[in-house]
Amino acid sequence: KRDHSLLDYDDLIADANALLARPGIAPWVLYKLDGGIDHILIDEAQDTSPDQWAIVRALADEFFVGKGQLDTPRTVFAVGDVKQSIYSFQGADPRWFRDMREVFAKRVPDSGGRWRPVELDVSFRSTPAVLSAIDAVFARPDACDGVALDGGDIHHRPLREGEAGLVELWPAVEPRPAEGPTPWKPPIERIRADSAQTRLARLIARRIARMVQTPEILESQGRPIRPGDVM
């Protein structure tokens, strides 16, 4: 990268952080940026890394001090769901999503603004059968550890109320112990090791075959299931 004078995504984040924290320079840079920023939007906030949050915080701090809070209405909009976090993606740490929410929850009202938290408990994708199964799984404290960071219950409300759905619970497909070679036998034969993934794939294939050949009815459409209905 140095040979070709190139910067990658992580470099841009690191350099921006360094600039916004550089003594003697950062205040002037933030002052100039503050004149052109009225709104900060953080999408997929649950996957925002600590370094990225540091940039957001440096920019947003100008909203709450001096003339920055008086000239024009300033807004910060962050949308995210900790349950959907891709842990470690680009250094993501869902706990920062919670911590930064608490920071803004205090600073916005203190500066005379309006703080509006919105819970994301309505699902637009899944049907009640799927969502009730998910809620049952996460009703166990050990299952929701690291997902429900606030310690509250996980509950979903389906927008697709009344639509069909079915959840099947299968036994876990576990690896079988591999058979070792016969003692003193020359190693000239290929030994096929067991693969739990392969056995599961075959079980799924047979299940789909039964669905299509029986045929089973796709309740949401009122017709037999076709191969194209399966993803």
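The values are calculated or read from the model by the stated rules, or taken from the named source; none is laboratory data. Because the structure is a prediction, the values reported are computed rather than measured. Using ideal geometry, Cβ is built from the backbone for each residue, glycine included, and neighbour counts are taken over all protein chains shown. What goes into the accessible areas is simple: the full protein's heavy atoms, side chains included, and nothing from ligands, DNA or RNA. Shrake-Rupley method; radii C 1.70, N 1.55, O 1.52, S 1.80 Å.
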**Study point:** Fraction of accessible area attributable to carbon and sulfur, the chain (%, probe 1.4 Å)
**Key:** 56 percent
Review point. Taking square-rooted eigenvalues a ≥ b ≥ c of the alpha carbon gyration tensor, is the range 1-56 rounded, prolate or oblate, where a/c under 1.5 means rounded and, failing that, a/b exceeding b/c means prolate?
Key: oblate
Check your understanding: Against the longest alpha carbon principal axis of the chain, how many degrees, from 0 to 90 and to the nearest 10, is the axis of helix 50-61 turned?
Key -> 30 degrees
Point to revise | Within a Gaussian network of the chain (alpha carbon springs, distance under 10 Å), most fluctuating of LYS32, LYS185, LYS83 | key: LYS185
Practice item. Pop out the ³J(HN,Hα) list for the range 217-223 in order, Karplus 6.51 cos²θ - 1.76 cosθ + 1.60 with θ = phi - 60°, rounded to Hz; leave Gly and Pro as x. Key: 8, 7, 4, 5, 10, x, 8
Practice item. Give me the accessible area per residue for the chain, probe 1.4 Å, as a whole number in Å². Key: 75 Å²
Review point. Roughly what would the spin-label model give for MET231 and ARG176, points 7 Å off Cα along C-beta, in nm?
Key: 3.4 nm
Revision key, fill the gap. Around ASP10 (Cβ within 12 Å, Cβ-to-Cβ, excluding ASP10; K/R +1, D/E -1) the net charge comes to -3
Practice item. List every residue whose amide H lies under 5 Å from the amide H of SER123, counting only residues 5 or more places away in sequence or on a different chain, with H placed 1.01 Å from N in the peptide plane. Key: ARG157, LEU159
Exercise for review: Could you work out the Rg to Rh ratio of the range 81-171, with Rh taken as the Kirkwood radius (inverse of the mean 1/r over all Cα pairs)?
Suggested key: 1.05
Check your understanding: If you bin the C-alpha pair distances of the chain every 10 Å from 0, what whole percents do you get?
Key -> 6, 18, 22, 19, 16, 12, 5, 1, 0
Practice item. Determine, from the Cβ-Cβ distance of ASP61 and LEU200 and an R0 of 41 Å, the FRET efficiency 1/(1 + (r/R0)^6), rounded to the nearest 0.05. Key: 0.20
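Please label the shape of the range 104-143 as rounded, prolate or oblate, based on the square roots a ≥ b ≥ c of the eigenvalues of the alpha-carbon gyration tensor (a/c under 1.5 means rounded; beyond that, a/b larger than b/c means prolate, else oblate).
oblate
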Point to revise | Residues whose placed amide H lies under 5 Å from that of ILE42, excluding near-sequence neighbours | key: PHE77, ALA78, VAL79
Check your understanding: If you bin every alpha carbon distance in the range 8-130 into 5 Å steps from zero, what whole percent lands in each bin?
Key -> 2, 9, 18, 20, 19, 15, 9, 4, 2, 1, 1, 0
**Study point:** Near-label residues of the range 95-128 by backbone N, under 11 Å of a point 7 Å along Cα→Cβ of LEU159
**Key:** 122-126
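To the nearest 0.05, how large is the calculated FRET efficiency for ILE40 and HIS4 if R₀ is 25 Å and r is the Cβ-Cβ distance?
Result of the calculation: an efficiency of 0.20.
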Study note, to complete from the structure: LEU218 and ALA143 label points (each 7 Å along its Cα→Cβ direction) are spaced in nm at 2.8 nm
Revision key, fill the gap. Placing +1 on each Lys and Arg Cβ and -1 on each Asp and Glu Cβ in the chain, then taking the dipole about the Cα centre, the residue among TRP170, SER49, ASN17 whose Cα reaches farthest towards the positive end is TRP170
Exercise for review: Determine how large the accessible area of ASP11 is when every protein chain is in place; take a 1.4 Å probe and give Å² rounded to the nearest 10.
Suggested key: 40 Å²
**Study point:** Helix-derived mean residue ellipticity, 222 nm - over the chain, DSSP H n ≥ 4, -39500 (n - 2.57), to 500
**Key:** -11000 deg cm²/dmol
Review point. Where is the GNM fluctuation largest for the chain (alpha-carbon springs, 10 angstrom cutoff): SER132, SER85, SER195?
Key: SER195
